[in-house]
Amino acid sequence: MIRVWATLAALLVAAILLGLAAGHDWAGPAEIVRALSGDPSLDSRLIADWRLPRVLAAAGVGALLGLGGCLFQGLFRNPLAEPYLLGSAGGAAIGATVALLVPLGVPQHWLLPVLAFLGAWGATLLVLGVSRVAGAVDAAGLLLAGVAIAAVLGALRSFLMLALSDETVSLQVVLSWTLGGIQTPGWSGLALLAALTLACFLLAQRTARGLDLLGLGEAMAHGFGLDVKRFVALAVLVGAAVVAVAVSFGGLVAFVGLAAPHIARWLVGPRHGPLIPASGLVGAIVVVLADAIARSALPPAEVPLGLITAVAGGPFFLILLARRLRS
């Protein structure tokens, strides 16, 4: 097990170094060393002040997506579950649409993550409220409510895009956000992301025992003293917070939350104690590598991060689906 953790840590460091090197102009090892040692030249400042925060933000977003995927797969006992299952993607997209198309007099680089977070969090609260009113707070009821709410939110976002756009406002910026992309934060924003990522990890880790018990079935979990309905509601709120933070800094990045827990499960097994941090590490590695490709594949343009992860994640999803159908 120690070898697995050491390998994941080494892969993450290697991915971060590759991310620092990648870009319109690739940087060599000597340039990266000079930049990290405080060299005042323009190229070094570009690496230290722009690439480094971006790469670290990508690691944070990837870790959050890995955590979110692990939580929802354990909660719904479904290996094909992903972080946007309960409408958080639709809610975040509505928040981003308002932030990008409505002039509210607030700097957009602050307004966008705040409204995306509130949209994602609010959508999940709405799913919880609807399922509670319907008397179905179990995993199946939440899943059905999430599908319905996601459809409504998707239609509402399309209506807002049509209603708020005109000849002076381009919808391309909204579409670009929904395709995913790491926002390059300042150091204060990066510190906030790091603090939120740590808090989300600690909250997720507290659900590990409950998720293990839930995997035995609701009757067995209840027999071991777990209040299943209360635990499911609390775990959904934790998962919603994790996903909301991820989308507020990275937009809608597809498939990472689906793939990362599976890769981690192959490495550390099904118990959620080690699986949760392993999923975060795998997610961080995947997003850092995908972001490096997005920045360097078609210079000087930047490919949306969600396209990179979708191209790689689509075949992965089909393989998982085929294996599940065969079993």
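Rule-based calculations on the coordinates, nothing more; no lab input. On a predicted model such as this, the values are computed, not experimentally measured, just so you know. Cβ sites come from the backbone with ideal geometry, for glycine too, and all protein chains shown count toward neighbours.
Here are the numbers for the structure shown:
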{"read-out": "GNM flexibility winner over the chain from Ser131, Ser296, Ser165 (Cα, springs under 10 Å)", "value": "Ser165"}
{"read-out": "Value at 222 nm in deg cm²/dmol, rounded to 500, when DSSP H runs of n ≥ 4 in the chain each add -39,500 (n - 2.57)", "value": "-25000 deg cm²/dmol"}
{"read-out": "Efficiency of FRET between Ala6 and Asp49 - r from beta-carbon atoms, R0 25 angstrom, step 0.05", "value": "0.20"}
{"read-out": "Table column - 3J(HN,Hα) (Hz), the stretch 40-56, Karplus curve with 6.51, -1.76, 1.60, x for Gly and Pro", "value": "x, 5, 4, 4, 5, 5, 4, 5, 6, 9, 10, 5, 4, x, 5, 5, 5"}
{"read-out": "Top positive-direction residue, dipole computed over the chain with Cβ charges, set Leu275, Gly217, Val236", "value": "Gly217"}
{"read-out": "Dipole in debye (nearest 20) - the chain, about Cα centre, beta carbon charges: Lys, Arg +1; Asp, Glu -1", "value": "980 debye"}
{"read-out": "R0 of 25 Å, Cβ-Cβ distance Leu216-Leu80: FRET efficiency to nearest 0.05", "value": "0.80"}
{"read-out": "Where labels lie 7 Å past Cα in the beta-carbon direction, separation of Arg271 and Ala14 in nm", "value": "2.8 nm"}
{"read-out": "At most 14 other Cβ within 10 Å, DSSP loop - chymotrypsin sites (Phe, Trp or Tyr not before Pro), the stretch 218-327", "value": "Phe224"}
{"read-out": "Over the chain, relative contact order from alpha-carbon pairs under 8 Å, at least 6 apart, %", "value": "32 percent"}
{"read-out": "Estimated inter-spin distance, Ala191 and Asp39, nm [label 7 Å along Cα→Cβ]", "value": "2.8 nm"}
{"read-out": "Stretchable slack from Ala151 to Trp110, in nm (0.36 nm times residue separation minus alpha-carbon distance)", "value": "12.0 nm"}
{"read-out": "³J(HN,Hα) computed for each position of the stretch 221-234 - Karplus, 6.51 cos²θ - 1.76 cosθ + 1.60, integer Hz, glycine/proline x", "value": "4, 5, x, 7, x, 8, 7, 4, 4, 5, 5, 4, 4, 5"}
{"read-out": "Computed lengthening from Leu198 to Ala322, 0.36 nm per intervening residue step minus Cα-Cα distance", "value": "41.1 nm"}
